[in-house]
Structure formats: C-alpha cells, structure tokens
Amino acid sequence: MDASQIYILIAVVVLLIIAILVVFVKKKGVKPFTPLVGLAFAFILAGIIFGDSRAVGYSLMGIGVILAIIDIIQKLKK
C-alpha cells in the first residue's frame, strides 16, 4: 500500500465511525437522517473509495455535496 491508499483507508474508517456514532447515539429532539442525506453520504464515500481516477472521484464527491446542500435547503424551507 502506498501513502495515498493509507490516507483513503483512514478517511473511510473515520467516516464509518462517525456514521455509526450518529446512528447509535440518539438524542432527544434530534430528527433522524433523511434518505437524501444517506444517499449524499454514500456518494461521498464512493468518491473517496474510487478516488484513483480524479474525474470519477471528484464527480462522485460533487454529487454527494450537491445532494447534501439540497437536503439543507429543503429543511430550511420547512
């Protein structure tokens, strides 16, 4: 494994730990994630995993960020 693959592995592990903590540590008054947030998270993870090809990696991450922004805008309108 070269250095870039190690950084990608660390990033994926950290994101998975954060996702697990968010799912299992529930606070009162906190709304659960919408399916759009889950889809955005999946696209961002896919962008990190398939980051060997810059065009594919950045495209997938961009789609994930756009979906997250759309979800934020939808929540603000409610």
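FYI, it's all coordinate maths here, none of it is from the lab. Not measured: the values here are computed from a predicted model. Methodologically, a virtual Cβ is constructed for each residue, glycine included, from the backbone with ideal geometry; neighbour enumeration extends over all protein chains shown.
Residue by residue, here is whether (1) surrounded by 13 or more Cβ atoms within 10 Å (Cβ to Cβ); (2) in contact with a Leu (Cβ under 9 Å, 6 or more places away or on another chain); (3) assigned to a helix (DSSP H, G or I); (4) not polar (S, T, N, Q) holds:
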site: Val14; (1), (2), (3), (4): no, no, yes, yes
site: Leu36; (1), (2), (3), (4): yes, yes, yes, yes
site: Ala46; (1), (2), (3), (4): yes, yes, yes, yes
site: Val56; (1), (2), (3), (4): yes, no, yes, yes
site: Ile66; (1), (2), (3), (4): no, no, yes, yes
site: Lys75; (1), (2), (3), (4): no, no, yes, yes
Exercise for the section: Would you check if Ser53 is without any contact (Cβ under 8 Å) to a residue 40 or more places away in the chain, hydroxyl-bearing (Ser, Thr, Tyr) and closer than 30 Å to Leu76 by Cα? Expected result: no
Practice task
Would you mention how many residues in segment 49-75 are more than 19 Å from Leu36 (Cα to Cα) and over 17 Å from the mean Cα position of the chain (by Cα)?
Solution key: 4
